[in-house]
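Presented below is the structure to which this report refers.
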Amino acid sequence: MATNNGNQANAKIAVVTGGSRGIGRDAVLRLASRGVDSIFTYNANRAEADKVCALAAEAGARAIALQLDVGNAGTFGDFAARLKEALAQLGAQRFDYLVNNAGTSSAATLAAGTEAELDAQFAVHFKGPFLLTQTLLPLINDGGRIVNISSGLARFAFPGRAIYGPMKAAVEALTRYMALELGPRRIAVNVVAPGAIATDFSGGMVRDNPQVNQAIAEHTALGRAGLPGDVGPVIAGLLSDEFGWVNAQRIEVAGGMHI
Ligand code: NDP
């Protein structure tokens, strides 16, 4: 477990899966700049997680990194126990905001996608957020907020996304059911659907392949591919009191991609 020595007592606390890189990392840092502490997860890359803790401290917030494979639901009970310890380090018993962000890409087509890939994508993108949220419900403060991360690929079809896109569509439906069930606890649940974002995702394709980057720019009204900094502030904003009455909504953050 990595941590830092920030000093904001009684700040709101976010739990962000996949906060060590890309969109999740940007969300943790945007939250930090708003004075929100984070307990975020990484799967394998501890070094990047440590960097995020240091950057959050520079922004004046506390951040603790915990290892979690969101595709392995059998570990969620153990994760909850470690999360309670991390919350105790922050002087809290519960947290306020959950961001189900962690994910992995898949280039499967209908013709060639395997049962193993289908199961793996289901585990990471649907079963994981469902069962992790269920496991953590007792630890979320009433009046808290949840943001799930979908994709533009849940709205438009793109070659090679026959498993990934529909999994994200399922997360969008799940968001509405979460909002329905958690309304009595005043917990709002929304889903952010990023367009193509220049991160390590898909082998860094959007960021590192000039042809892909250019093709995306040409299909985006605002004329470029997205950056993590286009999405993190939207996640942080949706978790804030200013957006308190926004509930059960899908917000595409794509610069107008494939409109
Ligand atoms: P990155 O590949 O940049 O970062 C992924 C993050 O998730 C890392 O922190 C990684 O941890 C973590 N992670 C990966 N697999 C697991 C796992 N099995 N269990 C727990 N954590 C895991 O991805 P992005 O930031 O681009 O993507 C974040 C989310 O946004 C995903 O849900 C993705 O589907 C979605 N999205 C991305 C788009 C894009 O174009 N980039 C577009 C639309 C949606 P570690 O560093 O340890 O590997």
Scanning for something open to solvent by 40 Å² or more (accessible area, probe 1.4 Å), within 16 Å of the ligand (Cβ to nearest atom) and out of contact with any Gly (no Cβ under 6 Å at 6 or more places or on another chain), does region 89-112 turn up at least one residue? yes
Condition (residue is of a type outside the set (A, V, I, L, M), under 23 Å from residue 110 (Cβ atoms) and open to solvent by 20 Å² or more (accessible area, probe 1.4 Å)) applied to region 216-232: is it met by at least one residue? yes
Meets criteria (in a loop (DSSP other than H, G, I, E, B) and more than 9 Å from the ligand (Cβ to nearest atom)) for residue 246: yes
Whether any residue in region 123-134 is in a loop (DSSP other than H, G, I, E, B) and over 21 Å from residue 14 (Cα atoms) is what I want to check. no
Of the residues that sit in region 173-209 and are of a type in the set (Asp, Glu) and away from the ligand (no atom under 11 Å from the Cβ), which one is farthest from residue 127 (Cα to Cα)? 208
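So in region 51-70, with the set limited to residues that are within 11 Å of the ligand (Cβ to nearest atom) and either open to solvent by 30 Å² or more (accessible area, probe 1.4 Å) or charged (D, E, K, R) (or both), which one is farthest from residue 29 (Cα to Cα)?
69
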Using the structure shown, decide if residue 80 is outside any strand (DSSP E or B) and either open to solvent by less than 60 Å² (accessible area, probe 1.4 Å) or farther than 11 Å from residue 38 by Cα (or both). yes
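Conditions (1) more than 20 Å from residue 182 (Cβ to Cβ); (2) within 17 Å of the chain's Cα centre (by Cα); (3) part of a loop (DSSP other than H, G, I, E, B), marked per residue:
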position	(1), (2), (3)
61	yes, no, yes
71	yes, yes, yes
76	no, yes, no
86	yes, no, no
92	no, no, yes
98	no, yes, no
102	yes, yes, yes
107	yes, no, yes
Residues of region 26-43 satisfying the condition of being of a type in the set (A, V, I, L, M, F, W, C), within 14 Å of the ligand (Cβ to nearest atom) and either without any contact (Cβ under 8 Å) to a residue 12 or more places away in the chain or in a helix (DSSP H, G or I) (or both): 27, 28, 29
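Give the residue that is nearest to the ligand (Cβ to nearest atom), with candidates limited to residues of region 154-172 that are of a type in the set (Gly, Ala, Ser), open to solvent by 20 Å² or more (accessible area, probe 1.4 Å) and part of a helix (DSSP H, G or I).
Ranking the qualifying residues of region 154-172, first place goes to 154.
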How many residues, within region 113-153, are in contact (Cβ under 8 Å) with a residue 60 or more places away in the chain, buried (at least 21 other Cβ atoms within 10 Å of the Cβ) and among the hydrophobic types (A, V, I, L, M, F, W, C)? 3
Scope region 102-124; condition in contact with a Ser or Thr (Cβ under 8 Å, 6 or more places away or on another chain) and closer than 15 Å to residue 72 by Cα; matching residues: 102, 117, 120, 121, 124
What's the total number of residues in region 194-240 that are part of a strand (DSSP E or B) and more than 15 Å from residue 22 (Cβ to Cβ)? 1
Is it the case that residue 15 is within 14 Å of the ligand (Cβ to nearest atom) and in contact with a helix residue (DSSP H, G or I) (Cβ under 9 Å, 6 or more places away or on another chain)? yes
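The values are calculated or read from the model by the stated rules, or taken from the named source; none is laboratory data. What you see is a predicted model, and the numbers here were worked out from it, not measured in a lab. No Cβ is skipped: glycine too gets one built from the backbone with ideal geometry, and neighbour counts run over all protein chains shown. Just the protein is used for accessible areas: all its heavy atoms, side chains included, with ligands, DNA and RNA removed. Shrake-Rupley method; radii C 1.70, N 1.55, O 1.52, S 1.80 Å.
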